[in-house]
Each structure stands twice: as C-alpha cells, then as structure tokens.
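Throughout, read-outs are computed from the coordinates displayed, never taken from laboratory work. Not measured: the values here are computed from a predicted model. All Cβ positions, glycine included, derive from the backbone under ideal geometry; neighbour counts span all protein chains shown.
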Number of protein chains: 2
Amino acid sequence: MRSYGQYCAVARALDVVGDRWSLLVVRELLMRGACRYTDLRHGLPGIATNLLADRLRDLEGGGIVTRVDAPPPIATTLYELTPRGSELAPVLDALGIWGAELMAQPQGTDEFRSHWLAFPLGRLTDSAPDLPPITIQVRTGDQPMIVETVDGRVRARPGTVEHPDAALAGPPGTVVAFLRGRLDLAGAKRRGLRFEGNKAVITRLQPARSLNR
Amino acid sequence: MRSYGQYCAVARALDVVGDRWSLLVVRELLMRGACRYTDLRHGLPGIATNLLADRLRDLEGGGIVTRVDAPPPIATTLYELTPRGSELAPVLDALGIWGAELMAQPQGTDEFRSHWLAFPLGRLTDSAPDLPPITIQVRTGDQPMIVETVDGRVRARPGTVEHPDAALAGPPGTVVAFLRGRLDLAGAKRRGLRFEGNKAVITRLQPARSLNR
DNA sequence: CAGCATCCGCTTTGATACTG
DNA sequence: CAGTATCAAAGCGGATGCTG
C-alpha cells in the first residue's frame, strides 16, 4: 500500500494493514490459528488468488505474518500471526463490535463460514461459570461447530459432540441472534431456527461488557 | 467500496469504512469536531480533492457523516460525525494504540498536524488529579496547542495560554515521546526538545491502562 | 475563496487460466 | 496444493476547470 505519508499512529497503522483484504487475512489467522494457503482461500471467499499471495507477502514484510514450513504429515507451509500480528486483535474486536449492528440486515447473497461464529460468540460470557460447563452443537454454514463455555468465557470451535446440552441449526443470522439473546426461541424458530435440547442453558450466555473508552 | 460479500461483522464494517482515506476522514472529524471541507483537506495532506468529495458522499450514505449548513458567520456547510460515526472511536483508538509502535521510526518526510497530538496524548492520565490542573503550551507542527489535565484525563486543543506550567517545542516525535515518558529531559533535548518551566508536572502524566480484551 | 466535477495517466484489483 | 501469469476493469492521484 502506498503510504499516507502522515506522522500519525492511525495513518501508520493503516499503511501496514489498510490495504483491501489485509485485515480479513488477519481475521482468518486470528480465528483459526495457523492456516494453509488453501484454508485461507476458503475462509476468504471472493479473494483473487494472486491478491492473497500479494497480501501474504505484504503482511510478512510488515511483520504481521510468518511462514512456517510444517513437517510431515502436513508437509506444507503454514501461515501464522507473529506476536505483533496478534496484537491486532483489539482492532478486529472493535471493528467487529461496530459492524455487529450491520448484521441485522439479512445475509442475502453474502457468503458465510462457520468459524466466523467465533467472533460474535466470543463476546458472550457464561453468567453461571460455577455450574457445569455448557456444550452446544451448532450447525450453520460449512461445518458443524461446538460452542462451549470455559472459565466463564464462550468459545466456538469446529467439531461434533455426542451429547450436547442443546443442538441448533438454521440460518447463521438467526442462530447468532438467538444465541446472543436478541431473538427469543419462538421468534428464532419463525426465522428458521431448529432447536433441540435444554432451553435454559441459552439464557446463561450473556453479552460481555463493552470495551472501555 | 465494493462489498466483500461476507456475512461477518468485520467484513461488513470494512464494507463501510474500509476504503482508502475513509478512516482518516473519521479521525479528523473525531479529533476536531465539525469541519469545513477546507479544514478536512488541510488535516488530510495527500488526499486528492475529488477523493475527499467522494469519501464524504460515501460516508454520508453510510450514515457516518452528516452535512450541516451552518448559519452566518460561518455561512458554509460543515461535516460532522453522526452518533453512529462517533461509535468508531474505539476502532480508531485500537488502531492508534497498535500504530503507536510505528511512531518510533522517525518522522522523515511525513506530514504532521498539531491536532493529531490529541490521539497519543489522550491516552495519558493525570496521576495526581487532586492537585491543581496542569497546563502545558506545546509548539510543534502547524499551530500552537494547549495540553491540559481535566478530571484526571489529558486533553490537547489548539490555542495559547498566558502562563503555562511548562512550554515545549521541537520535532513532534520528540515532543510526544517526552510527554509520554519515553524520553527523559536530557535525551529529549538531544533530539531537539526545547523546554521551559516546571519539570515536575511532566511526571504527573502517565500512560492509561491498555484496552481490555 | 470554498466546494466540488472532469479529465488523464497510472496502479490496484478481480477473474480466469496455467504450472511445478 | 500452492501459487504465478495475464489482462480487463475499477480505483487512485494529480492537475485543472467550473460555479456560487
């Protein structure tokens, strides 16, 4: 990216990560950890392959990403955030919180990937952390996800589980709105939610306090 | 900006403010409040005038900026953030904190505007808020600034004051590093700082705790 | 002068095809 | 799988011109 040429912290930050797609590459690596090139392409629907290669080079040059040659059985290069790259998490968080308002507009033709759930759901907390942890099976998007509470926090990770406390499926917007408490069960079902299991565990999930300023 | 077409809060946010210059326009309006077109141009050195007009249209369409027809004596249109636009402050904060690391590299040919001081200095707090407030006259960049403590917080605003507790001048990087406690007086003087007044008041300025995550 | 709009050369992006 | 190559279209930067 062409530098803004301004002696200002915001402008200098954007000199490094202000290019189109750059912050979304960081999003992928933050949410999924080390990724192969193909994984990144899959998590960034719409990106041209040459642009992904360009951005990875740029981000590597900017000290955000490192290339790791993974030994067998992976036997390919992995891309991973550097510590400096991981420090972008608050930027992505702030953008995600601001952009959450825009998720009310329906999905339309937008692409969706299940692992993107980690962002909105990671803002939730378990209001009863002393009770046994919750495990919820969520099926929306390209792969099944497990949403679970750990030490009062909520995590989402790919996978399936034998006997979840609840199992959800349906359109991503409905699933997220329901888990975040923005839709009650009846309203969510009207918007396509399929629900099985213990309704009470959902109410344990509560939005985290907002970022300070 | 062309939409990323992803049902993800970060991508949707970037659909609105991810264009080149967009977040810097927001920076200007956040730091200076309502601005005339010409003020924005001055605060955004390097922007092409048609691009500024474009961005203002885009941001208006995105609900970030409003156009206000100010009555005489101003008698021109002012641009101002909407409440929704002001909610971008945490995003700019996070970017500014991340980008602060990049300010160690010297200014070089980068442009500088005095009002950009509000960002790095706004992260400082007054460690002795019960003592009388501090007033510091700072001369660096295009206009004199007053740095003062109000209720334990530090503010920077344009202006001059009769009898400040201290008066500083020199290159912007040196002034900021000194005020943030990253350079001591001797080191700062070696890097071009000119200082008059009470050295003790500077030590009352302390970095705020970082954003939570 | 403030507030744009137009034009033009250049760079970046996006889509597709191709290669080790 | 992990990219590179190619090319048309869009976006950007700079200069300049127009209007109240």
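Sorted from shortest to longest, the distances between the A:PRO73 label points of this copy and the other copies are 7.8 nm, with each point 7 Å from Cα along the line through the beta carbon. Computing FRET efficiency as 1/(1 + (r/R0)^6) for A:ARG155 and B:ALA75, where r is the C-beta to C-beta distance and R0 is 45 Å, gives about 0.20.
Farthest towards the positive end of the charge dipole of chain A, among the residues A:TRP116, A:ALA104, A:GLY170, is the Cα of A:ALA104, using unit charges on the Cβ of Lys, Arg, Asp and Glu. The distance between label points at A:LEU131 and B:HIS163 comes to 6.5 nm (points 7 Å beyond Cα on the Cα→Cβ vector). Would you work out which of A:HIS42, A:VAL25, A:VAL10 lies farthest towards the positive end of the dipole of segment A:9-87? Charges go on Cβ: Lys and Arg +1, Asp and Glu -1. Farthest towards the positive end: A:HIS42.
Rank-order A:140-152, B:45-57, B:21-33 by packing density, defined as the average count of other C-beta atoms within 10 Å over each peptide's residues, highest first.
Put in order of decreasing packing, that is B:21-33, A:140-152, B:45-57.
Scoring B:94-106, A:110-122 by mean Cβ neighbours within 10 Å over their residues and listing the highest first yields A:110-122, B:94-106. Computed over the Cα atoms of the protein assembly as shown, the ratio of the radius of gyration to the Kirkwood radius (Rg/Rh) comes to 1.01.
Using r as the Cβ-Cβ distance of A:GLN206 and B:MET1, and R0 as 30 Å, what FRET efficiency do you calculate, to the nearest 0.05? Efficiency computed from Cβ-Cβ geometry: 0.30. For the residues of B:82-91, the average number of beta carbons from a partner chain within 10 Å of their own beta carbon is 4.
With the charge dipole of chain B set up from +1 on Lys and Arg Cβ and -1 on Asp and Glu Cβ about the Cα centre, the Cα lying farthest toward the positive end among the listed residues B:LEU88, B:THR149, B:GLY197 is that of B:GLY197.
Listed peptides B:80-87, A:126-133 appear in the order B:80-87, A:126-133 once ranked by packing, highest mean of other Cβ atoms within 10 Å at the front.
For the pair segment A:1-34 / segment B:132-152, the C-alpha centres are spaced 31 Å from each other. Summary for B:PRO133: label point 7 Å along Cα→Cβ; distances to the equivalent points in the other copies, ascending, 5.0 nm.
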